[in-house]
Amino acid sequence: MSQPTFETLLYAVEDGIATITLNRPEKLNAFTARMMKELIEVFDVTDADDAVKVVIVTGAGRAFCAGADLSSGGATFDRTSPQALEREEGKVGDVYRDGGGRVTLRIYDSLKPVIAAVNGPAVGVGATMQLAMDIRLASEDAKFGFVFARRGITPEACSSWFLPRLVGLQTALEWCYTGRVFPATEAKERGFVRSLHAPGDLLPAARALAREIADNTAPVSVALTRQLLWRMAGADHPMEAHKADSRAIQSRGASGDAKEGVTSFLEKRAPAYPNRVSTDLPDIWPEWEPRQFR
């Protein structure tokens, strides 16, 4: 598959690992409408490409993402301004859609695992876009901030759903109430990031984790596992998980992947899973509402 090109992102695939790099280093990778659209598009690309087993997201230069591009001044967050209307962000009912939310919803629907390699400051949407990513590794130089109240707005990018699930309600409220920027050490202590690394070791660590997934697991099983864990985080009762688990196990147990997984284990060799996400992903969610918001 030919590799797409973007204005605000770099994209590369190597040995099953796709790396998405936010690429506006002169602006500390500040988030724009173009970046929003390209992030949505690039996750369509990774989902469709069976050569991609894992996705890593990082930033170019010294920042991960410094938040929204504030070059529009005081009208930056006015969704009814001419600048916002030009972005064609669409509506949910009569409400103009939040661009960060469109990105996190798309990442939430990803069929591939997503690892954030946070190489520097990640503030505002730079922090909230990570919430739908699965595992966050950070440089010791990284900083984080849910700064919305200090800009006169509120948290976005579906963070009121994601953030308390990741760090607990008390920490989520503290970080959002104060809007303070905090160091990577605090992010790790509170459970927001999985591990801290020297700047030069960050991407190698992210790639090593991605390799562990890509080299040893069945892609269809990983895609279903991602859906099961994320979707069931909001389920009303464990019976919902039991129904989905049962459908998944029934489908996977009869698959070529299951036969290969057991056989390769018994034969003490690396597996070669035959099933593909693009063609063999079963529907274990008959009652799930169709995806409406892309």
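Obtain the radius of gyration and the Kirkwood radius of the stretch 217-280 from its C-alpha atoms and give Rg over Rh.
Ratio of gyration radius to Kirkwood radius: 1.05.
Give me log10 I(q)/I(0) at q = 0.10, 0.14, 0.16, 0.18 Å⁻¹ for the stretch 160-285, Debye formula, one equal scatterer per alpha-carbon, no solvent.
-0.51, -0.88, -1.00, -1.08
How would 65, 176 line up from fewest to most surrounding beta-carbon atoms within 10 angstrom?
Starting with the residue having the fewest Cβ neighbours, the order is 176, 65.
If you restrict to DSSP beta bridges whose two residues both lie in the stretch 9-213, what percentage is antiparallel, to the nearest 5?
Rounded to the nearest five, the antiparallel share is 35 percent.
Taking the chain as the reference, fit the longest principal axis to its C-alpha atoms, fit the long axis of helix 256-266 to the helix C-alpha atoms, and give the angle between the two in degrees, 0 to 90, nearest 10.
The helix 256-266 is inclined about 70 degrees to the chain.
What is the stretch 217-280's relative contact order, in percent, from Cα pairs under 8 angstrom and six or more apart in sequence?
40 percent
Just name one of 55, 23, 171: the one whose Cα is farthest towards the positive end of the charge dipole of the chain (beta-carbon charges, Lys/Arg +1, Asp/Glu -1).
In the chain, that residue is 171.
By a straight-distance test (C-alpha under 27 Å), which lysines pair with residue 112 as possible cross-link partners, with residues fewer than eight away in the same chain excluded?
By straight Cα distance, residue 112 reaches 37, 53, 143, 188, 243, 259, 268.
So what's the angle, to the nearest 10 degrees on a 0 to 90 scale, between helix 33-48 and the longest Cα principal axis of the chain?
0 degrees
Could you quote the convex hull projected area for the stretch 1-63, Cα atoms only and averaged over all directions, in nm²?
Its average projected convex-hull area is 4.0 nm².
Relative to the longest principal axis of the C-alpha atoms of the chain, give the angle of the C-alpha long axis of helix 169-178, reported between 0 and 90° and rounded to the nearest 10°.
Between helix and principal axis, roughly 30 degrees.
Suppose every K and R has +1 on its Cβ and every D and E has -1 on its Cβ; what is the size of the dipole of the chain about the Cα centre, in Debye to the nearest 20?
That gives a dipole near 420 debye.
Name the residue, out of 238, 113, 121, whose mean-square fluctuation peaks in a Gaussian network model built on the chain with Cα pairs under 10 Å.
For the chain, modelled as a Gaussian network with Cα springs under 10 Å, the answer is 238.
Say the dipole of the chain comes from +1 at the beta carbon of Lys and Arg and -1 at that of Asp and Glu; which of 146, 133, 213 then lies farthest toward its positive end?
Final value for the positive-end residue is 146.
Apply the Kirkwood formula to the stretch 9-213: the hydrodynamic radius equals the inverse of the mean of 1/r over all pairs of different alpha-carbon atoms; give it in Å with one decimal.
17.0 Å
Can you compute the charge dipole magnitude of the stretch 186-251 about its Cα centre, using +1 on each Lys and Arg Cβ and -1 on each Asp and Glu Cβ, nothing else charged? Give it in debye, rounded to the nearest 20.
Using Cβ point charges on Lys, Arg, Asp and Glu, the stretch 186-251 gives about 140 debye.
When the helices in the chain are scored as -39500 (n - 2.57) per DSSP H run of 4 or longer and the sum is shared across all residues, what 222 nm value do you end up with, to the nearest 500 deg cm²/dmol?
When only DSSP H runs of four or more count, the value is -12000 deg cm²/dmol.
When the dipole is taken about the Cα centre of the stretch 132-217, and only Lys, Arg (+1) and Asp, Glu (-1) are charged at their Cβ, what size is it in debye, to the nearest 20?
Taking the Cα centre of the stretch 132-217 as origin, the dipole is about 240 debye.
Ranked from highest to lowest mean number of other Cβ atoms within 10 Å per residue, what is the order of the peptides 104-111, 3-10?
Output ranking for 104-111, 3-10: 104-111, 3-10.
Only the coordinates and a few stated rules stand behind these numbers; no lab work does. The structure displayed is predicted, hence computed values, not measured ones. No Cβ is skipped: glycine too gets one built from the backbone with ideal geometry, and neighbour counts run over all protein chains shown.
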